[in-house]
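**Student:** Right, I'll just put the structure down here and ask away after.
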Amino acid sequence: MFGPKAMKGFFGGGHRPGFGHGPRRGRMFERGDLKYVILDMLKDEPAHGYEIIRKLEERSRGFYSPSPGSVYPALQLFEDMGYVTSTQRDGKKVYAITDEGRKYLEENRRSVDAIWGRVGGGWDPQAAAEMHEIRHDLMSLGKLFGQKMHEGNVDHEKMVRVREVISTASRQIEDILRDRDDARTTEA
């Protein structure tokens, strides 16, 4: 009834990076969005697949890291369509956008801008960095919680104490996010 399997996904554990975290719920990119983003990233300078993955992760402030299984097929499709060319550099296939790719990108500029606005719109870089750290802390706590549950080291009394701490922290976080003064501490 309640154990490690029930805890899968608790505190964000069990999710792949970029899914269910960040400014939107669910997938970071909608179906078909990634192709525009990859081409847009290639417009400034050629890159190999892992550079694109790294740049996307940086641009999303660590909330999304596409898999090679989504980037490389898109690059191959672009090459087949004539939107990019590839050359070998240091044993890696480096992709550069073609004039045809630039034309396609400009024809879809509104979509590209909308995607970037949706992905990173309104996120202060410092706040996003803090959010990344909060996510990391919560995932670490979730791992510890799951481990202790699996080991059988969490009894009813500990669960009550954990729930009390989480409830208190939750109220305090709500106050902070709603820009309220913490009336509970000022009244004491």
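**Student:** Each residue of the stretch 86-95 in order: what ³J(HN,Hα) in whole Hz does its phi give by Karplus 6.51 cos²θ - 1.76 cosθ + 1.60, θ = phi - 60°, with x for Gly and Pro?
**Tutor:** Rounded to whole hertz, the list is 10, 9, 8, 9, 6, x, 10, 7, 9, 9.
**Student:** On to the next question. Using the Kirkwood formula on the Cα atoms of the stretch 29-170, what hydrodynamic radius do you get, in angstrom to one decimal?
**Tutor:** Across the stretch 29-170, the inverse of the average 1/r is 18.1 Å.
**Student:** For residue 166 and residue 127, what does the FRET efficiency come to when R0 = 22 Å and r is the distance between their Cβ atoms, rounded to the nearest 0.05?
**Tutor:** The computed FRET efficiency comes out at 0.45.
**Student:** Extending each Cα 7 Å along its Cβ direction at residue 79 and residue 111, get the distance between those two points in nm, one decimal.
**Tutor:** Those two pseudo-labels are separated by 2.3 nm.
**Student:** Sticking with this one: Kindly rank 46-54, 141-149 from highest to lowest mean number of other beta carbons found within 10 Å of each residue. Each step should come with its number before you reach the end.
**Tutor:** Working: 46-54: 17.7, 141-149: 16.1.
Highest-to-lowest ranking by the protection proxy: 46-54, 141-149.
**Student:** I would also like to ask the following. Taking H placed 1.01 Å from N in the peptide plane, check which residues at least 5 places from residue 98 or on another chain put their amide H under 5 Å from its amide H.
**Tutor:** 84, 85
No value in this document is a laboratory result; all are computed from the given coordinates. Every value quoted in this text rests on a predicted model; they were computed, and no experiment measured them. All Cβ positions, even for glycine, are placed from backbone atoms using ideal geometry, and neighbour counts span all protein chains on display.
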